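Below: one structure, written as structure tokens.
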Amino acid sequence: MFQRQERRILEVTVWTVAAVLAPYTTFVISKYSDTVFIGALFLNILLFAAGMLCTRINNTLDVVLEDEGADHREVGDAMALETAQVGGLRVLRVAGSSPLRGQAMEKGIIRSINGGFPTSAEEANQLLVPGKNEIEWVARTGKPMTSTIFTKESDLQVQVEQITPRKT
């Protein structure tokens, strides 16, 4: 991904070329008024559209990157707090065919499955039953959550790490 400064240089370059070509395009069309030179008009319109698109993408990326930075700080603080207070299995990755897909559990901590408290991925899979399963977990933000999943298999298809609560 481009750095902010590199994106700004690209944006300024596109706008500068579009601004420099605008008077030239107007001159060519007014002097020759031939349909052959309409291409210059389309080129100018294309450059202005590229400038607007580049500006919008840069602004959107700036907002997303700022939000991501804030989220990482908040998540880092929340995760430090939850690690001290909550034990269980932190979900690192969720496979595409996992029954947990779409539950927003990545980076969350699974506390219990069907009333049992797993300490490994193998134990978590053993706690699953065909059909309805209740999972209590803690979101990245530290909020306790409950999810109901339906599965035919006894495999969560997730990568986890064990979290042991600190004694205070």
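The values are calculated or read from the model by the stated rules, or taken from the named source; none is laboratory data. As the structure is a prediction and not an experimental result, all values here were calculated from the model. Cβ atoms come from the backbone with ideal geometry, glycine included; neighbour counts cover every protein chain shown. Note: accessible area is taken over every heavy atom of the protein model, side chains too, but ligands, DNA and RNA are not part of it. Shrake-Rupley method; radii C 1.70, N 1.55, O 1.52, S 1.80 Å.
Suppose the filter is open to solvent by 60 Å² or more (accessible area, probe 1.4 Å), at pLDDT below 80 and either within 30 Å of ALA124 (Cβ to Cβ) or touching a Gly at 6+ places or on another chain (Cβ under 7 Å) (or both); does ASP67 pass it?
Answer is no for this residue.
For segment 1-44: of the residues being exposed (fewer than 11 other Cβ atoms within 10 Å of the Cβ) and outside any helix (DSSP H, G or I), which is modelled with the lowest pLDDT?
MET1
Looking only at segment 121-168, count how many residues are open to solvent by 70 Å² or more (accessible area, probe 1.4 Å), in contact (Cβ under 8 Å) with a residue 40 or more places away in the chain and farther than 13 Å from LYS107 by Cα.
5
Which one is modelled with the lowest pLDDT among residues in segment 144-168 that are outside any strand (DSSP E or B) and under 14 Å from ARG90 (Cα atoms)?
Ranking the candidates gives PRO165 first.
Mind listing just one residue for me: the one in segment 103-119 that is on the phi < 0 side of the Ramachandran plot and open to solvent by 40 Å² or more (accessible area, probe 1.4 Å) and, of those, modelled with the lowest pLDDT?
Per the stated criteria, the residue is GLN103.
PRO118 fails exactly one of the following numbered conditions: (1) assigned to a strand (DSSP E or B); (2) farther than 16 Å from GLU106 by Cα. What is the number of that condition?
For PRO118, the exception is condition (1).
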